[in-house]
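Asks: Structure below; questions to follow.
The values are calculated or read from the model by the stated rules, or taken from the named source; none is laboratory data. Being a predicted model, the structure only gives us computed values, none of them experimental. Cβ coordinates were reconstructed from backbone atoms using ideal geometry, including for glycine residues, and neighbour counts include every protein chain displayed. Keep in mind that these areas ignore ligands, DNA and RNA; they rest on the heavy atoms of the full protein, side chains included. Shrake-Rupley method; radii C 1.70, N 1.55, O 1.52, S 1.80 Å.
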Amino acid sequence: MKEIISDIKRVLDEKEQKWIAEELTLGDRSRKAVHHWKEKSQFLPEYLSEDTIAKAKKLDQEADELISESKIEDVIFYFDKLDAAEKEECIRKLQSRLNNVSSIDIIRK
């Protein structure tokens with residue numbers, strides 16, 4: 001019985017090591033690699049240890065931060081392409097949205 005349990009544990013450990021080597025990475029940290037990680041990490045395999053799950057959660061947070069940064073970079077990229085009048089209009093609209101969010105926060109408090 002102990003030998004069977006030991007064999008199963010060894011197989012699961014090997015699967016975990018393979019998963020770590022192949023999946024526990026953001027690759028080149030490009031948008032494609034980050035979004036690939038987000039898709040693949042939605043459902044983690046049951047055989048992962050608590051330590052590996054913690055590492056996966058940390059990597060997932062890092063992926064979220066990279067996605068957030070890239071969204072902001074996109075906004076800035078397109079903002080820079082606007083002419084002066086469009087920039088002013090954009091700023092007015094953003095300020096209006098910010099004021100609406102602030103009003104909602106005040107109401108919730």
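Asks: How big is the charge dipole of the chain about its Cα centre, in debye rounded to the nearest 20, if each Lys and Arg gets +1 on its Cβ and each Asp and Glu gets -1 on its Cβ?
Replies: Taking the Cα centre of the chain as origin, the dipole is about 340 debye.
Asks: To continue, here is another question. For the chain, set up a Gaussian network in which alpha carbons nearer than 10 Å are linked by springs, and say which option among 82, 44, 24 fluctuates the most.
Replies: 82
Asks: Here's a follow-up. Just from its helices, what would the mean residue ellipticity at 222 nm be for the chain, if runs of 4 or more DSSP H residues each count -39500 (n - 2.57) and the sum is divided by every residue, rounded to the nearest 500 deg cm²/dmol?
Replies: -28000 deg cm²/dmol
Asks: If you don't mind, there's one more thing I want to ask. Please get the size of the charge dipole for segment 38-98, origin at its Cα centre, with Cβ charges of +1 on Lys and Arg and -1 on Asp and Glu, quoted in debye to the nearest 20.
Replies: Roughly 180 debye, rounded to the nearest 20.
Asks: Another question, if that's okay. Suppose a student asked you for the relative contact order of segment 1-60, using Cα pairs under 8 Å spaced at least 6 residues apart; what percent would you report?
Replies: 37
Asks: Before I look further, what does segment 40-79 give for accessible area per residue, probe 1.4 Å, in whole square angstrom?
Replies: With all protein chains present, segment 40-79 gives 76 Å² per residue.
Asks: Can you tell me the relative contact order of the chain? Whole percent, Cα pairs under 8 Å, sequence separation 6 or more.
Replies: For the chain, the relative contact order is 22 percent.
Asks: Looking only at 91, 72, 20, which one moves most when the chain is put into a Gaussian network model with springs between Cα atoms under 10 Å?
Replies: Looking only at 91, 72, 20, the largest GNM fluctuation is found for 91.
Asks: Looking at 47, 6, 20, which one has the Cα that reaches farthest to the positive end of the dipole of segment 1-55 (charges on Cβ: Lys, Arg +1; Asp, Glu -1)?
Replies: 20
Asks: Quote the charge dipole size of segment 5-44 about the Cα centre in Debye, to the nearest 20; the model charges only the Cβ of Lys and Arg (+1) and of Asp and Glu (-1).
Replies: It comes to approximately 220 debye.
Asks: Which of the residue pairs 32/81; 18/38; 58/87; 2/58 have a Cα-Cα distance greater than 26 Å in the structure shown?
Replies: Checking Cα-Cα distances, 58/87; 2/58 exceed 26 Å.
Asks: Can you pull the percent of the chain's accessible area that's carbon plus sulfur, 1.4 Å probe, other chains left in place?
Replies: The value for the chain is 56 percent carbon and sulfur by accessible area.
Asks: Among (i) 0.92; (ii) 0.99; (iii) 1.26, only one was calculated for this model; which label is it, if the read-out is Rg/Rh (Cα atoms, Kirkwood Rh)?
Replies: Here the calculated entry is (iii).
Asks: Expressed in nm to one decimal, what extension gain is obtained for the pair residue 39 and residue 85 from 0.36 nm per residue of sequence separation less their Cα-Cα distance?
Replies: Gain in length upon complete extension: 12.6 nm.
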